[in-house]
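A quick write-up on the structure given underneath.
The values are calculated or read from the model by the stated rules, or taken from the named source; none is laboratory data. The structure displayed is predicted, hence computed values, not measured ones. Ideal geometry is used to build each Cβ from the backbone, glycine not excepted, and the neighbour counts take in all protein chains shown. Just so you know, the surface numbers come from the protein's heavy atoms only, side chains and all, with ligands and any DNA or RNA stripped out. Shrake-Rupley method; radii C 1.70, N 1.55, O 1.52, S 1.80 Å.
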Amino acid sequence: MPNIHDVAKLAGVSIATVSRVINGAEKVSEETRRKVISAIKQLGYKPMPSLRKASELLYNIRVLVPSLKGYHYTEILMGIEEYSNKHDFEVMVSVPKLIPEEEKHVLDQYFKRKIDGVILCELSGGVNFIKPFIKSGIPIVALDYDIEEILCDSVNIDNFSGAMSALKYLYSNGHKKILYLRGPKYSPAAVNREKAVKKFQDKHKDVEIFLSENEGYNPEDGYLAVERHLKKHGLSFTAVFAINDWAAIGTMRALREAGLAIPEDVSVIGYDNAPYSEFLYPPLTTIHQPRWEMGQTAAQLIIERITKTGPKIPRNVILPTKLIERASVKKIGA
């Protein structure tokens with residue numbers, strides 16, 4: 001089994017330098033860092049194996065998610081766990097709830113324990129938190145999370161095209177006054193969907209899109225957005241495009257409490273294709289995003305990185321969305 005001395009010899013550096021690279025120290029040149037990481041990969045060296053507990057001797061993957069509320073990340077995690085188990089990888093999950101201090105603490109613990117790889121789902125504290133992993137060669141996959149710099153592999157869906165297809169569908173059904181329920185600004189998915197909304201309105205001057213005053217992914221956010229708009233502006237729209245299916249639930253309740261029928265008075269379209277969306281009344285038209293496939297793909301990428309069986313350059317996988325047509329949208333006009 002290769003040791004730190006073998007790595008130092010192959011890289012042509014001291015043992016202390018190898019240790020600094022492994023621990024993500026700043027005072028190492030990029031050229032030296034690359035030599036050490038290359039030597040580690042060539043030799044298949046596992047840092048400090050003797051200090052690991054017996055349960056940690058197998059490859060292990062850590063997953064960081066902002067929340068387990070609802071259905072989104074739970075289904076993604078099921079995809080990760082199934083693929084990882086098939087390949088004898090251990091998976092552990094942390095939920096720092098988008099609190100930067102918690103995120104940093106969790107990632108620091110991951111780094112100290114010499115974990116084999118991290119799947120990262122959103123990070124409010126920014127990319128600086130993951131730089132020690134990048135510098136020390138610990139694989140990271142960004143999942144459902146955009147990192148502008150190409151620092152690591154990533155798996156996302158085409159949120160822009162998904163939102164655009166929802167708007168095109170409403171437009172093709174005669175809807176030219178649309179209330180859009182916005183997602184939170186911290187979420188890259190919500191940001192990209194709103195970009196599509198603004199782009200669509202720029203291209204269709206005969207369409208008026210109202211942006212909700214409040215924002216959020218939860219049922220209460222959808223409920224409050226519709227309730228407040230109706231109180232302030234009245235029924236100025238013929239359709240609601242909700243940021244996700246969860247917000248669409250709140251939307252449907254608010255509309256019914258206002259005495260409005262769906263889709264006879266107002267059409268509603270969601271985003272996600274949540275497990276319950278086809279059982280709502282009426283069944284919800286929505287945009288399907290492949291959560292299971294997202295999890296499976298992320299697990300595949302991180303395992304290929306850990307086992308050095310994939311390409312060397314970072315990969316950015318974009319999975320497509322699909323319109324699911326049900327009964328909550330009505331065709332209006334001529």
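The table below gives the values:
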| quantity | calculated |
| --- | --- |
| Cα-centre dipole for the range 40-197 with unit charges at Cβ (Lys and Arg positive, Asp and Glu negative), debye to 20 | 260 debye |
| C-alpha long axis of helix 159-172 to longest principal axis of the chain, angle in ° | 10 degrees |
| Cα centre as origin, Lys/Arg/Asp/Glu Cβ charges: the chain dipole, Debye | 820 debye |
| Antiparallel bridges, percent of DSSP beta bridges restricted to the chain (to nearest 5) | 10 percent |
| Accessible area of the range 224-273 belonging to carbon and sulfur atoms, whole % at 1.4 Å probe | 50 percent |
| Nearest 10 degrees, 0 to 90: helix 100-112 Cα axis against the chain principal axis | 30 degrees |
| Computed magnitude of the charge dipole of the range 226-296 (debye, nearest 20; Cβ of K, R +1, Cβ of D, E -1) | 300 debye |
| Which of Ser236, Thr286, Gly259, positive extreme of dipole for the range 214-334 (C-beta unit charges) | Thr286 |
| C-alpha center-to-center spacing [the range 223-299, the range 92-116] in angstrom | 34 Å |
| Helix axis angle, 291-306 relative to the chain longest principal axis, alpha carbon, degrees | 10 degrees |
| Portion, in percent, of the accessible area of the range 114-169 that falls on carbon or sulfur, probe 1.4 Å | 52 percent |
